[in-house]
């Protein structure tokens, strides 16, 4: 098995700022890229703007952004020492932006006061429907900052899509999650919610309980993505969330990430199965149990046993990387139950470092996959499974490519 530190680094690289590509590829003829002393780069496409900032001198030129823009993406990921200047410049500019409907912000090292200033200015954006905020390495951000954020959310009643990500914000506790929940429950028009708390070590089951209570107020929600990688949550958190998720009749896409959660085991997967069974309209399901070492074949069998109840599923993602107790029994259940997913188009699964999986299990899965004629995109990994040879893995991958 690979070095533990290398795995942790690899997992850190998986933390992505989930920003929709508003401008398309920068190489398209409809986009114009300007490289000058004003910004490191600006991309224009009609009334949509993408800006990348790398130093303090560039910040003052935010005032020159077109006030009629409908979509703005600002990436200030590498400017640790200029956080207050950026937020101040943005807050001033937002007062003039009467047409802005989509805002994507990636900021570094934010503090409580900065969040307060930012959200006080956002309340002026009466047309804002999509908000995507990632606060990278904001180690000084506390529950007070999250309270400020929540108070601001209450003013954004027209939001239909909300993405908030707080990687490595270790001062955010259950109290902060409770404050955030108060803000979210008032967003009655919300159809998409994405919350991510990777490596927020002080979040526990109590925080997810508060969050669950707010979700029940979102009657129009259809797309939910929740991530708690490397937090202190347990099976109880899955129970908290499941009690509400199973009641959301309009839910069509569900993405839950529990990677590196040492307190999650088969009981949690069994609970999730009841959610899947009762949300028969799901078209997308993604579940991440990266390095959840207490998850075993029993948990995987619980999940796959409900495939017959979600025949509408078109996209399935399963991550069991380094789940040491996943073996041929669980893989056999996956192979067998997938026959019910007759509309499945995309399948992505990772069983790397699952050392109980043997060549027999891989070959059996390969045969069953050939019967799923609807599949057009398949990516299944068995890297470093000790009982599976490189030859078998390569043969399996070749079969997938041919299909």
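The values are calculated or read from the model by the stated rules, or taken from the named source; none is laboratory data. The shown structure was predicted, so the numbers you read here are calculated from the model rather than taken from an experiment. Methodologically, a virtual Cβ is constructed for each residue, glycine included, from the backbone with ideal geometry; neighbour enumeration extends over all protein chains shown.
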Counting only residues that are more than 26 Å from residue 170 (Cβ to Cβ) and in a loop (DSSP other than H, G, I, E, B), which one in segment 103-142 is nearest to the chain's Cα centre (by Cα)?
129
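Which of the residues belonging to segment 240-273 are in a loop (DSSP other than H, G, I, E, B), closer than 18 Å to residue 289 by Cα and in contact with a strand residue (DSSP E or B) (Cβ under 8 Å, 6 or more places away or on another chain)? Walk me through how you get there before you give the answer.
As a first pass, look at segment 240-273 and keep what is in a loop (DSSP other than H, G, I, E, B): 246-252, 258-262, 264.
Adding the requirement that they be closer than 18 Å to residue 289 by Cα leaves 258-262, 264.
The answer is 258, 259, 261, 262, 264.
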May I ask you to say which residue of 296, 305, 366, 376 is more than 23 Å from residue 257 (Cβ to Cβ), free of Cβ contacts under 8 Å to residues at least 60 places away in the same chain and touching a helix residue (DSSP H, G or I) at 6+ places or on another chain (Cβ under 9 Å)?
366
Among (1) modelled with pLDDT of 95 or more; (2) in contact with a strand residue (DSSP E or B) (Cβ under 7 Å, 6 or more places away or on another chain); (3) farther than 26 Å from residue 284 by Cα, residue 136 falls short only on (1)
In segment 43-57, anything buried (at least 19 other Cβ atoms within 10 Å of the Cβ) and either assigned to a strand (DSSP E or B) or at pLDDT below 75 (or both) is listed as 43, 49, 50, 51
Specify which of the listed residues (375, 300) is closer than 28 Å to residue 275 by Cβ and more than 23 Å from the chain's Cα centre (by Cα).
375
Yes/no for residue 100 being part of a helix (DSSP H, G or I) and either more than 26 Å from the chain's Cα centre (by Cα) or at pLDDT 90 or above (or both):
no
